[in-house]
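For reference, the structure discussed in these notes is given below.
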């Protein structure tokens, strides 16, 4: 069973397996997954206290594996069972011959293409799917948070999208434009909402002063947790 815990401001997920073992066992894999095994009689509270005691080890191990992952980037091959992130969750790819499109079920991204052997075509179809998905979510979130900024005299901005290497979003106050990184689609919805609120807040305070984050906090009280979570994805997505 998947559990969540915050270690030094970073949200961590671990898979808890109940089995007949003497001790609580912790294993961190190179794919960044964390497995914990414990006897059914051991309480979750005790297990999480154990995890807290190993916080430094866990975070250092994750950082090590993240660096290794970045040092040896793997180009996508667009083949069956290859994994792709969508809203922070891993989905496995399934290929089908047919009209160029992508559909989603609980575990799979089902990519249909007229020529499933064409790597460039498959890449283009999936990129377009991710881009449109990102646009729809960001635009919905923008409309949702805008009433707060409208009261402060902010005109609804022109919203643009593009892939960016070093930032999740940007605000051009003079032109009234917000630009969002389409790679946001690979991060959890809570992170996307944080970026939307963050960029809208720049219409009121351009810098990252205490006053700026006071505005962000009014709309997202747990913004620090979301920001830290977003940073974990930045290490693996923006290269």
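The values are calculated or read from the model by the stated rules, or taken from the named source; none is laboratory data. Source: prediction; values computed, not measured. Cβ atoms come from the backbone with ideal geometry, glycine included; neighbour counts cover every protein chain shown.
The combined condition, being crowded, with 21+ Cβ neighbours inside 10 Å, touching a residue at least 24 places away in the same chain (Cβ under 8 Å) and touching a helix residue (DSSP H, G or I) at 6+ places or on another chain (Cβ under 7 Å), is not fulfilled by residue 204.
Of the residues making up segment 55-71, just one is at pLDDT 90 or above and under 19 Å from the mean Cα position of the chain (by Cα), namely 59.
Return yes when residue 78 is assigned by TED's automatic domain parsing to the domain that holds residue 215, surrounded by 13 or more Cβ atoms within 10 Å (Cβ to Cβ), over 19 Å from residue 28 (Cα atoms) and in contact with a helix residue (DSSP H, G or I) (Cβ under 9 Å, 6 or more places away or on another chain) and no when it is not. Against the criterion (assigned by TED's automatic domain parsing to the domain that holds residue 215, surrounded by 13 or more Cβ atoms within 10 Å (Cβ to Cβ), over 19 Å from residue 28 (Cα atoms) and in contact with a helix residue (DSSP H, G or I) (Cβ under 9 Å, 6 or more places away or on another chain)), residue 78 does not qualify. Checking each residue in segment 167-201 for being without any contact (Cβ under 8 Å) to a residue 40 or more places away in the chain and more than 16 Å from residue 227 (Cα to Cα) picks out 171, 172, 173, 174, 175, 176, 177, 178, 179.
With respect to the conditions (1) in contact (Cβ under 8 Å) with a residue 12 or more places away in the chain; (2) part of a strand (DSSP E or B); (3) under 30 Å from residue 113 (Cα atoms), residue 81 lacks only one, and its number is (2). Criterion applied to 32, 93 was being surrounded by 15 or more Cβ atoms within 10 Å (Cβ to Cβ), within 22 Å of the chain's Cα centre (by Cα) and in a loop (DSSP other than H, G, I, E, B), and the one residue passing it is 32.
Here's the yes/no breakdown for (1) assigned to a loop (DSSP other than H, G, I, E, B); (2) in contact with a helix residue (DSSP H, G or I) (Cβ under 7 Å, 6 or more places away or on another chain); (3) surrounded by 19 or more Cβ atoms within 10 Å (Cβ to Cβ):
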{"position": "136", "(1), (2), (3)": "no, no, no"}
{"position": "141", "(1), (2), (3)": "no, yes, yes"}
{"position": "154", "(1), (2), (3)": "yes, no, no"}
{"position": "164", "(1), (2), (3)": "yes, no, no"}
{"position": "178", "(1), (2), (3)": "no, yes, yes"}
{"position": "198", "(1), (2), (3)": "no, yes, yes"}
{"position": "216", "(1), (2), (3)": "no, yes, yes"}
{"position": "221", "(1), (2), (3)": "yes, no, no"}
{"position": "227", "(1), (2), (3)": "no, yes, no"}
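Among the residues making up segment 5-18, those that are surrounded by fewer than 15 Cβ atoms within 10 Å (Cβ to Cβ) and modelled with pLDDT under 90 are 8, 9.
May I ask you to verify whether residue 189 is at pLDDT 95 or above, loosely packed, with under 15 Cβ neighbours inside 10 Å and under 21 Å from the mean Cα position of the chain (by Cα)? Against the criterion (at pLDDT 95 or above, loosely packed, with under 15 Cβ neighbours inside 10 Å and under 21 Å from the mean Cα position of the chain (by Cα)), residue 189 qualifies. With respect to the conditions (1) outside any strand (DSSP E or B); (2) over 19 Å from residue 30 (Cβ atoms); (3) under 18 Å from the mean Cα position of the chain (by Cα), residue 52 falls short on a single one, namely (3). Give the residues of segment 141-166 that are within 22 Å of residue 84 (Cβ to Cβ) and either without any contact (Cβ under 8 Å) to a residue 40 or more places away in the chain or in the same structural domain as residue 111 (by TED's automatic domain parsing) (or both), sorted by residue number. Correct list: 161, 162, 163.
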